[in-house]
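Since the structure comes first, as structure tokens, the remarks are kept for the end.
The values are calculated or read from the model by the stated rules, or taken from the named source; none is laboratory data. Keep in mind that what you see is a predicted model, and the values were worked out from it rather than measured. Reconstructed Cβ throughout: ideal geometry from the backbone, glycine too, with neighbour counts over all protein chains shown. Accessible surface areas use protein heavy atoms only, side chains included; no ligands, DNA or RNA. Shrake-Rupley method; radii C 1.70, N 1.55, O 1.52, S 1.80 Å.
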Amino acid sequence: NAGVMQNPRHLVRRRGQEARLRCSPMKGHSHVYWYRQLPEEGLKFMVYLQKENIIDESGMPKERFSAEFPKEGPSILRIQQVVRGDSAAYFCASSPSDSVDSYNSPLHFGNGTRLTVT
Amino acid sequence: GESVGLHLPTLSVQEGDNSIINCAYSNSASDYFIWYKQESGKGPQFIIDIRSNMDKRQGQRVTVLLNKTVKHLSLQIAATQPGDSAVYFCAETFRMDTGRRALTFGSGTRLQVQP
């Protein structure tokens, strides 16, 4: 059973370009979370999605950032007009349900996409 | 010993010694706690969890202790091995006003195991 798959692993963009990060959850998982991690820091929550629904986007910047989780295909985190401050590791996690409601069902994380903005 | 670096605090231990990593959580309403291990270039990996109705839980070579009175969580690793070198994060969950639970990560501790 494959784990959470994120691609690309590394992404380099020039300032002003768009970055698209993809996350395929574990098989059978319908809940996806995106987190951002700056070097030497912890993970910061960005957005929580179920299939075709954004449940909680309280951690997402109001501008330039968007996320989707379509009925078919991976979840996408999209960053428009990237700036150097967007450089970070972006992690996706999945769960079969709202796992934070379920004990003994911690989130399963992918290995992240490392975005570098030049 | 333990030292505070520029960002992440670092704990250096000798191979074979026991390690204790501490975490202070912020929300007294948090009722489920998780420890994650993150190796360089990888995502967080689940280690062990504990509910708030417990004060201790043991796994293989790891023990988590919870002190709700002072909102403190610790991770004990027995007979630390070089493969334990990583950054360790605690995470707390609590129910928000919306009814949904939120998962919040602590700032992390880097464990360095000296051979």
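Side notes on the structure shown:
- First in segment A:30-47 and at the interface with another protein chain (Cβ under 8 Å from one of its Cβ atoms) and farther than 15 Å from A:GLN6 by Cα, second anywhere and acidic (Asp, Glu) and open to solvent by less than 70 Å² (accessible area, probe 1.4 Å), Cβ under 9 Å, 6 or more apart: A:PHE45/A:ASP56
- B:GLY43 being crowded, with 16+ Cβ neighbours inside 10 Å and out of contact with any Pro (no Cβ under 9 Å at 6 or more places or on another chain): yes
- Residues of segment B:52-71 classified as modelled with pLDDT under 95 and closer than 28 Å to B:PRO82 by Cα, total: 2
- Taking segment B:40-56 as the range and being more than 11 Å from B:LEU73 (Cβ to Cβ) and of a type in the set (A, V, I, L, M, F, W, C) as the test, the residues that pass are B:PHE46, B:ILE47, B:MET54.
- Against the list (1) within 11 Å of chain A (Cβ to nearest Cβ); (2) in contact with a helix residue (DSSP H, G or I) (Cβ under 6 Å, 6 or more places away or on another chain); (3) open to solvent by 10 Å² or more (accessible area, probe 1.4 Å), the condition B:THR93 fails is (3).
- B:LEU65 vs. criteria part of a strand (DSSP E or B), in contact with a Phe, Trp or Tyr (Cβ under 8 Å, 6 or more places away or on another chain) and farther than 24 Å from A:TYR90 by Cβ: no
Yes/no per residue for (1) under 16 Å from A:THR113 (Cβ atoms); (2) open to solvent by less than 80 Å² (accessible area, probe 1.4 Å); (3) not charged (D, E, K, R):
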position: A:HIS10; (1), (2), (3): yes, no, yes
position: A:GLN17; (1), (2), (3): yes, yes, yes
position: A:ARG20; (1), (2), (3): yes, no, no
position: A:LEU38; (1), (2), (3): yes, yes, yes
position: A:LEU43; (1), (2), (3): yes, yes, yes
position: A:PRO74; (1), (2), (3): yes, yes, yes
